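Below: one structure, written as structure tokens.
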Amino acid sequence: MRAQLAILKAMGVKRLVALRGDMPSGYGAGGEFHYASDLVAFIRSETGDDFHIEVAAYPEIHPQAKSPDSDLQAFATKVRAGANSAITQYFYNPDAYFRFVDDVAAMGLNVPVVPGIMPITSSTQLMRFSDACGAEIPRWIRLRLQGFGDDTASIKAFGLDVVTGLCEQLRAGGAPALHFYSMNQSVATLALCERLGLVG
């Protein structure tokens, strides 16, 4: 990790996203960094302020968290270890994001929390991802998607409307930026940006 940081610094990289990630199958719980906060602390101790470090945040609570409070404490540990800002797991309930931001501020943590946005292009893919990462799909969205069946065009049009509205609420509520999970598919993200007036 020390060597990788030196390479990144030499390349002129200024921002890092420090994630715990998932161990490859069969590796158990090995490794030097059991938590993202351990990685953040190591980067800070090795490189000082050379990098802007971003970490993950979970407005709807990390699926492995023991409780909402323990999840907030885990986030606070990452910030106190040296994180500058956060990007959230994607969500479709803006109230969860705003509540999380309020909770972070109440803990005295002064870091920007950027909402993660997942465009909706496929109902089966969205359900699979959401079940795996613990992101909640509101019942009304889930039922509408199920009602479209295999009508891909209607799913994409509905998804564009829903996610555009979400982004507008987040921006109006003071979100510092938007982070799009494009999943290597730029079309839906570009359509969102056009709807939001972010591109010409």
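The values are calculated or read from the model by the stated rules, or taken from the named source; none is laboratory data. All values reported here derive from a predicted model rather than from experimental measurement. Quick reminder, even Gly has a Cβ in these numbers, built from the backbone with ideal geometry, and neighbours come from all protein chains shown.
Just wondering, is there one or more residues in segment 124-134 that are outside any helix (DSSP H, G or I), in contact with a strand residue (DSSP E or B) (Cβ under 7 Å, 6 or more places away or on another chain) and under 27 Å from residue 99 (Cα atoms)?
no
Of all residues in segment 49-65, count the ones that are under 17 Å from residue 103 (Cα atoms) and surrounded by fewer than 20 Cβ atoms within 10 Å (Cβ to Cβ).
Residues in segment 49-65 being under 17 Å from residue 103 (Cα atoms) and surrounded by fewer than 20 Cβ atoms within 10 Å (Cβ to Cβ): 3 in total.
Please work out which residue is surrounded by the most Cβ atoms within 10 Å (Cβ to Cβ), limiting yourself to segment 83-100 and to residues that are touching a strand residue (DSSP E or B) at 6+ places or on another chain (Cβ under 6 Å) and not in a helix (DSSP H, G or I).
Of everything passing the filter in segment 83-100, 83 is surrounded by the most Cβ atoms within 10 Å (Cβ to Cβ).
Within segment 146-196, can you find the residues that are on the phi > 0 side of the Ramachandran plot and either at pLDDT below 95 or in contact with a Leu (Cβ under 8 Å, 6 or more places away or on another chain) (or both)?
149, 183, 184
Might you check whether a residue that is touching a residue at least 12 places away in the same chain (Cβ under 8 Å) and within 19 Å of residue 21 (Cβ to Cβ) occurs anywhere in segment 67-74?
There is at least one residue in segment 67-74 that is touching a residue at least 12 places away in the same chain (Cβ under 8 Å) and within 19 Å of residue 21 (Cβ to Cβ).
Among the residues of segment 97-105, is any among the acidic types (Asp, Glu) and more than 24 Å from residue 173 (Cα to Cα)?
No, there is no match, as no residue in segment 97-105 is among the acidic types (Asp, Glu) and more than 24 Å from residue 173 (Cα to Cα).
Please determine whether any residue of segment 101-109 is in a helix (DSSP H, G or I) and modelled with pLDDT under 95.
Within segment 101-109, not a single residue is in a helix (DSSP H, G or I) and modelled with pLDDT under 95.
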